[in-house]
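Take a look at the structure set out below.
The values are calculated or read from the model by the stated rules, or taken from the named source; none is laboratory data. A quick note: this is a predicted structure, and the numbers were derived from the prediction, not measured. A quick note on method: Cβ atoms are made from the backbone with ideal geometry, for glycine too, and the neighbour counts reach across all protein chains shown. Areas reflect the complete protein model, heavy atoms only, side chains present, ligands, DNA and RNA absent. Shrake-Rupley method; radii C 1.70, N 1.55, O 1.52, S 1.80 Å.
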Amino acid sequence: SKGKFRHFMQKEIYEQPQSLRNTLLGRLNGDDISLETVVGADENTFRDISSIQIVACGTSYHAGLVGRYWLEELTGISTNVEIASEYRYRKAVVRDNSLFITISQSGETADTLASLRLAKEQNYTKTLSICNVNGSSLVRESDFTLFTKAGAEIGVASTKAFTTQLLSLLILALIIGKQNGSISAEKNHEIVEAIRKLPSLAEEFLSCDKTISELSEQFSGKHHCLFLGRGVMYPIALEGALKLKEISYIHAEGYAAGELKHGPIALIDKRMPVVVVAPDNSLMDKLISNVEEVRARGAQLYIFKSGTTVIKSDGQTNMLSLPDCPEILQPILFTIPLQLLSYHCAVINGTDVDQPRNLAKSVTVE
Ligand code: M6R
């Protein structure tokens, strides 16, 4: 039941601290992540992996895009990410000792499953699924599984499934990085300590709900919106845009902020809302200069920042200050205000939030 919530999506957004906690439950042991976290794996499973291919659809694909940053940084293994409907019709070149990863909430997405079946005929040595449903086709057909513990997700929009997928990818990067010796004990310790704080930080991030609800009123009557991010926040901008279009029917696009001047900046005028995902991180200066380019064209700016980020403000700028958090957790936590924004915009637009038109929760046909 929806309990005190108006929609399942809203309930599921609010369940995230608990689902993140569940995804960690029994898996953290001091600085170690228990090997049982990956069903079927042992201490040698990931030792000699030379490359990784991630395949998924929709929001799960966006999780994969974030996962690539973490996997390359923490394991030193070259990683590619592709949407399943494209992967399955391409003649991919597969190097020896490659790992094939699928990501899926349902474990039944037709294109993702077909890609896994294809991968097993290709040269992959191992297949792993990151999945929320025990006993699903993807889980049954993969060599290894890392279960996200989001619990049942009813709303068509993926919310708690996405954030637990991200956490699972971070955990997987730690496991692989440890096995192949890429990650120092110090770095491992630092990340595990950050991960421990994640559920309570998610709670803190949810407290921006009221402010976002007020902000979303400005989106009423809007037909377009851009989301900007850089680095690991670029896929989060893509996800913010997908969520907004999916449930509020406002046309939205996510862009890597540095790509704007190669075309999309032509879209910007005084009526265009531009949401900038701007946590304080190593790319902040670069992002700020992109924000100034957009500001100069008169865009209505919505800057989702963390406490320490300093960005100029003016009459066209709405600033949302979010709690400080460890840099490694920023993609997970900055997702929450974007989910809330799309939720409130959908409510204002009067759409069927949990069951948007033309969409199914699980896409089991090609
Ligand atoms: O069950 P899956 O994770 O494989 O589903 C993939 C996509 O269909 C799904 O993430 C879709 O994009 C969501 N409705 C987005 O909110």
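The listed residues are Asn22, Asn29, and the only one of them that is open to solvent by 20 Å² or more (accessible area, probe 1.4 Å), touching a helix residue (DSSP H, G or I) at 6+ places or on another chain (Cβ under 9 Å) and more than 14 Å from the ligand (Cβ to nearest atom) turns out to be Asn22. The residue pairs whose first member lies in segment 147-162 and is more than 10 Å from the ligand (Cβ to nearest atom), whose second member is of a type in the set (Val, Ile, Thr), and whose beta carbons are closer than 6 Å, counting only pairs six or more residues apart or on different chains, are Lys149/Thr23; Ala150/Thr164. Is it true that Ile130 is within 14 Å of the ligand (Cβ to nearest atom), touching a helix residue (DSSP H, G or I) at 6+ places or on another chain (Cβ under 8 Å) and either open to solvent by 10 Å² or more (accessible area, probe 1.4 Å) or part of a loop (DSSP other than H, G, I, E, B) (or both)? No; evaluated as a whole, the condition is false for this residue. Is there a residue being surrounded by fewer than 17 Cβ atoms within 10 Å (Cβ to Cβ), over 30 Å from Ser1 (Cβ atoms) and among the small types (Gly, Ala, Ser) anywhere in segment 78-92? Yes, segment 78-92 has at least one match. Of the residues Ile154, Ile183, the single one that is surrounded by fewer than 24 Cβ atoms within 10 Å (Cβ to Cβ), assigned to a loop (DSSP other than H, G, I, E, B) and out of contact with any Asp or Glu (no Cβ under 7 Å at 6 or more places or on another chain) is Ile183.
Among the residues of segment 344-356, those that are open to solvent by 10 Å² or more (accessible area, probe 1.4 Å) and in contact (Cβ under 8 Å) with a residue 24 or more places away in the chain comprise His344, Val347, Ile348, Asn349, Thr351, Asp354, Gln355.
Of all residues in segment 256-285, those satisfying the criterion of being under 20 Å from Cys325 (Cβ atoms) and in a helix (DSSP H, G or I) are Met284, Asp285. What number of residues within segment 36-57 are part of a helix (DSSP H, G or I) and either crowded, with 16+ Cβ neighbours inside 10 Å or under 12 Å from the mean Cα position of the chain (by Cα) (or both)? Number of matching residues: 1. Of the residues making up segment 144-187, those that are among the charged types (D, E, K, R) and within 20 Å of the chain's Cα centre (by Cα) are Lys149, Glu153, Lys160. The residues listed here are Ser60, Ser106; of these, the one that is part of a helix (DSSP H, G or I) and either open to solvent by less than 20 Å² (accessible area, probe 1.4 Å) or within 13 Å of the ligand (Cβ to nearest atom) (or both) is Ser60. Hey, does segment 267-275 have a residue that's within 11 Å of Leu226 (Cβ to Cβ) and within 16 Å of the ligand (Cβ to nearest atom)? No: segment 267-275 contains no residue that is within 11 Å of Leu226 (Cβ to Cβ) and within 16 Å of the ligand (Cβ to nearest atom).
For segment 93-102, a tally of residues being open to solvent by 10 Å² or more (accessible area, probe 1.4 Å) and touching a residue at least 12 places away in the same chain (Cβ under 8 Å) returns 4. Residue pairs whose Cβ atoms lie under 6 Å apart, separated by 6 or more positions or on different chains, with the first residue in segment 268-287 and touching a residue at least 12 places away in the same chain (Cβ under 8 Å) and the second part of a helix (DSSP H, G or I) and not hydrophobic (A, V, I, L, M, F, W, C), are Pro279/Gln330; Asn281/Glu327; Leu283/Gly231.
Is there a residue being free of Cβ contacts under 8 Å to residues at least 40 places away in the same chain and open to solvent by less than 30 Å² (accessible area, probe 1.4 Å) anywhere in segment 320-337? Within segment 320-337 (the criterion being free of Cβ contacts under 8 Å to residues at least 40 places away in the same chain and open to solvent by less than 30 Å² (accessible area, probe 1.4 Å)), the answer is no, since none of the residues qualifies.
The selection criterion, being open to solvent by 10 Å² or more (accessible area, probe 1.4 Å) and more than 24 Å from the chain's Cα centre (by Cα), holds for Lys4.
Answer yes or no as to whether Glu73 is touching a residue at least 40 places away in the same chain (Cβ under 8 Å), acidic (Asp, Glu) and in a loop (DSSP other than H, G, I, E, B). Criteria not met by Glu73. Selection of first residues in segment 228-257 that are open to solvent by 10 Å² or more (accessible area, probe 1.4 Å) and of second residues that are small (Gly, Ala, Ser), restricted to Cβ pairs under 6 Å at least 6 apart or on distinct chains, gives the following pairs, ordered by first then second residue: Arg230/Ala257; Tyr234/Ala256; Leu238/Gly254; Lys245/Ala252; Glu246/Ala157; Glu253/Ala241; Gly254/Ala237; Gly254/Ala241.
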